[in-house]
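Novice: Dropping a structure here in structure tokens format, bear with me for questions.
The values are calculated or read from the model by the stated rules, or taken from the named source; none is laboratory data. Since we're looking at a predicted model, the values are computed, not measured. Reconstructed Cβ throughout: ideal geometry from the backbone, glycine too, with neighbour counts over all protein chains shown.
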Amino acid sequence: MKPTTTPKTYRVKSFGCQMNVYDGERMGELLEAQGITPAPEGEDADLVVLNTCHIREKATEKVYSDIGRLVKAGEEAGKKPMIAVAGCVAQAEGEEIMARAPAVGMVVGPQAYHRLGDMVKDAAAGRRNTDTDMPEDAKFAALPARRKVAASAFLTIQEGCDKFCTYCVVPYTRGAEISRPYSDLLREAEKLVEAGARELTLLGQNVNAWSGEDDKGRAVGFDGLIRTLAELPGLHRIRYTTSHPNDMTEGLIAAHGEVEKLMPYLHLPVQSGSDRVLKAMNRSHTAQSYLKLLDRFRAVRPDIALSGDFIVGFPGETEAEFEETLALVNEVKYAAAYSFKYSPRPGTPAASMDGQVAPQVMDERLQRLQAALNHHQLAFNEASVGKNCKVLIERKGKHPGQWLGKSPWLQSVFFEGDCAMGDLVEVELVQAGPNSLAGRVLQPARA
Ligand code: SAM
Ligand code: SF4
């Protein structure tokens, strides 16, 4: 087997949330700045970064099986791939991974990946390295400038979480809440638009908790940031995720009625429809206060598409409490949603609560919840048929001449036409399925 040398090619495999996707892109840029290029499709990479997620079940086992697969593929090819473990599993289990998996050359936490380049050099020299420090905001300043991006790009504006929902590992793996400085965000947004982004999705574990100061030291809230970004010429659309009901401000709600570039879509996790369960989750909102909040968004933006996150089988959840979740879903009629079985996370308060729900009960509840969510998603798509809207083209479809883009309500829309990536095209929505719609181009508009 060839000895470890400086890698020429890399591949980042990102799991989990959009913030990991963003981090994965930034790690890629960092490696490219060192002359390491993306491995061509279908070819093994010299360096593989496993950018892991720790939010639910089997995250750690998945990492070990991925490492085993990479080692085996390397042995078959007579190579020893350099393996880096990054992301939230790295943060939570770094030392353990180093001890158990000698093939891993480096472990790097989500707040330390700006050091990846140096760690690669160390690994090439045979030195294994772990960095799971959490220096406040040091990472972003140390990353190279943005270069080539897709029409729809992510921009992480806030990281970490101080909410400590009793089931969630994020406050432990991503650390305390920090907001990136306003001026840095404006600079990065400008670079993304220069590099071809037409839509920006602002990211954060609690994105609407973002706060900053402008160059005169005046306080700027999340809605102020959105209003400033909306002035960027060349940027057509702004989205954000994920927000928390407790950080919703009057200003953000008003922005949905006033800022044309802010898309009519709100992902606002509720987790449960039962106030007892919400309290045990430490969510500090009730089902009613959540519903009232949605009404305020609908008042300023009647066509807003709503989305949420749900957990079934939280410890102690009764059948009647689960039915309160179903009732909430049927009242809100979500356009999209993410639903999960509760997964005990080591070190979180809920993991040691009484009344852990049996797996088969969770399975059955998840199926019923998903049936309701799917019903409303299809109904939302069907109600869109006949509407005209702008679609931002994000990629080519499966068939020649076919394009795939997103409607303002974040629906996937397929259509054919003489278009290009990043175009904003006027489309009539003609047919609906559960996960996408077919469109007919009315007017191609080169962006
Ligand atoms: N900060 C966001 C919020 O407050 O809703 C969400 C962040 S979390 C990465 C995304 C979703 O994962 C949560 O909304 C929740 O539904 C789900 N989740 C988190 N921990 C979980 C657990 N232990 N078991 C099952 N689902 C979980
Ligand atoms: Fe996790 Fe709750 Fe923080 Fe969201 S608000 S990241 S669910 S602790």
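Novice: If you scan the range 326-367, which residues turn out to be more than 16 Å from ligand 2 (Cβ to nearest atom) and among the hydroxyl-bearing types (S, T, Y)?
Specialist: Passing the criteria: Y334, S352.
Novice: Something else about it: Quickly run through the range 282-323 and pick out the residues that are farther than 22 Å from Q367 by Cα, within 12 Å of ligand 2 (Cβ to nearest atom) and not small (G, A, S).
Specialist: Those that are farther than 22 Å from Q367 by Cα, within 12 Å of ligand 2 (Cβ to nearest atom) and not small (G, A, S): N282, R283, H285.
Novice: Continuing with this model, one more query. Count, please, the residues in the range 199-213 that happen to be of a type in the set (S, T, N, Q) and over 10 Å from the mean Cα position of the chain (by Cα).
Specialist: 3
Novice: I need the full set of residues from the range 87-116 which are over 13 Å from M27 (Cα atoms), of a type in the set (D, E, K, R) and in contact with a strand residue (DSSP E or B) (Cβ under 8 Å, 6 or more places away or on another chain), in order please.
Specialist: E95
Novice: Now, a different point. From F310, F322, F340, F297, which residue is surrounded by fewer than 19 Cβ atoms within 10 Å (Cβ to Cβ), closer than 23 Å to H244 by Cβ and either modelled with pLDDT under 95 or not β-branched (V, I, T) (or both)?
Specialist: Exactly one residue qualifies, and that residue is F340.
Novice: Can you confirm whether V21 is of a type outside the set (D, E) and over 18 Å from M119 (Cβ atoms)?
Specialist: yes
Novice: It is to be established whether one or more residues within the range 196-213 are away from ligand 1 (no atom under 16 Å from the Cβ) and touching an Asp or Glu at 6+ places or on another chain (Cβ under 7 Å).
Specialist: No, the conditions are met nowhere in the range 196-213.
Novice: Does any residue in the range 49-61 that is closer than 26 Å to E29 by Cα and crowded, with 21+ Cβ neighbours inside 10 Å come within less than 8 Å, Cβ to Cβ, of a residue that is of a type in the set (K, R) and at pLDDT 85 or above six or more places away or on a different chain, and which pairs are these?
Specialist: V49/R11; V49/K13; L50/K13; N51/K13; T52/K62; H54/R345
Novice: Among residues belonging to the range 242-277 that are among the β-branched types (V, I, T) and within 16 Å of ligand 2 (Cβ to nearest atom), point out the one that is surrounded by the fewest Cβ atoms within 10 Å (Cβ to Cβ).
Specialist: Once the filter is applied, the top-ranked residue is T242.
Novice: Confirm whether S407 is touching a strand residue (DSSP E or B) at 6+ places or on another chain (Cβ under 9 Å), surrounded by fewer than 18 Cβ atoms within 10 Å (Cβ to Cβ) and under 21 Å from H267 (Cβ atoms).
Specialist: It is false that S407 is touching a strand residue (DSSP E or B) at 6+ places or on another chain (Cβ under 9 Å), surrounded by fewer than 18 Cβ atoms within 10 Å (Cβ to Cβ) and under 21 Å from H267 (Cβ atoms).
Novice: Residue by residue through the range 167-188, note down the ones that are of a type in the set (F, W, Y), within 14 Å of ligand 1 (Cβ to nearest atom) and either at pLDDT below 95 or in contact with a Gly (Cβ under 6 Å, 6 or more places away or on another chain) (or both).
Specialist: Y172
Novice: Kindly provide the set of residues from the range 20-48 that are touching a Ser or Thr at 6+ places or on another chain (Cβ under 6 Å) and of a type outside the set (A, V, I, L, M, F, W, C), ordered by number.
Specialist: N20, Y22, G24, T37, D46
Novice: Within the range 107-130, can you find the residues that are closer than 12 Å to C88 by Cα and at pLDDT below 90?
Specialist: Answer for the range 107-130, where residues must be closer than 12 Å to C88 by Cα and at pLDDT below 90: just Q111.
Novice: Let me ask something else. Between a residue in the range 338-353 that is under 26 Å from A371 (Cα atoms) and any residue that is polar (S, T, N, Q) and away from ligand 2 (no atom under 13 Å from the Cβ), which pairs come within a Cβ distance under 9 Å, given they are 6 or more apart or on different chains?
Specialist: Y338/S307; S339/Q370; Y342/Q356; P344/S352; P344/Q356
Novice: While we're looking at this one, here's another question. Which residue, of N381, N388, is closer than 26 Å to V425 by Cα and either of a type in the set (S, T, Y) or touching a Pro at 6+ places or on another chain (Cβ under 8 Å) (or both)?
Specialist: Matching residue, one of N381, N388: N381.
Novice: May I ask you to list the residues in the range 326-361 that are within 27 Å of L266 (Cβ to Cβ) and among the hydrophobic types (A, V, I, L, M, F, W, C)?
Specialist: Passing the criteria: L326, A327, L328, V329, V332, A335, A336, A337, F340, A350.
Novice: Hey, another quick one. Please indicate, with yes or no, whether at least one residue in the range 363-371 is farther than 26 Å from C53 by Cα and more than 22 Å from the chain's Cα centre (by Cα).
Specialist: yes
Novice: Right, next: Please determine whether any residue of the range 186-198 is within 20 Å of L268 (Cβ to Cβ) and either among the β-branched types (V, I, T) or away from ligand 2 (no atom under 16 Å from the Cβ) (or both).
Specialist: For the range 186-198, residues within 20 Å of L268 (Cβ to Cβ) and either among the β-branched types (V, I, T) or away from ligand 2 (no atom under 16 Å from the Cβ) (or both): absent.
Novice: Looking only at the range 112-166, which residues are within 16 Å of ligand 1 (Cβ to nearest atom) and not aliphatic (A, V, I, L, M)?
Specialist: Result: F154, T156, Q158, E159, G160, C161, D162, K163, F164, C165, T166.
Novice: What residue, among those in the range 317-354 that are closer than 25 Å to A92 by Cβ and small (G, A, S), is nearest to ligand 1 (Cβ to nearest atom)?
Specialist: Per the stated criteria, the residue is S343.
Novice: Go through the range 283-305 residue by residue and tally those that are within 17 Å of F322 (Cα to Cα), assigned to a loop (DSSP other than H, G, I, E, B) and out of contact with any helix residue (DSSP H, G or I) (no Cβ under 6 Å at 6 or more places or on another chain).
Specialist: Of the residues in that region, 1 qualify.
Novice: Which numbered condition in (1) farther than 25 Å from G196 by Cβ; (2) away from ligand 2 (no atom under 16 Å from the Cβ); (3) surrounded by 18 or more Cβ atoms within 10 Å (Cβ to Cβ) is the only one that A124 fails?
Specialist: Of the numbered conditions (1) farther than 25 Å from G196 by Cβ; (2) away from ligand 2 (no atom under 16 Å from the Cβ); (3) surrounded by 18 or more Cβ atoms within 10 Å (Cβ to Cβ), the odd one out for A124 is (3).
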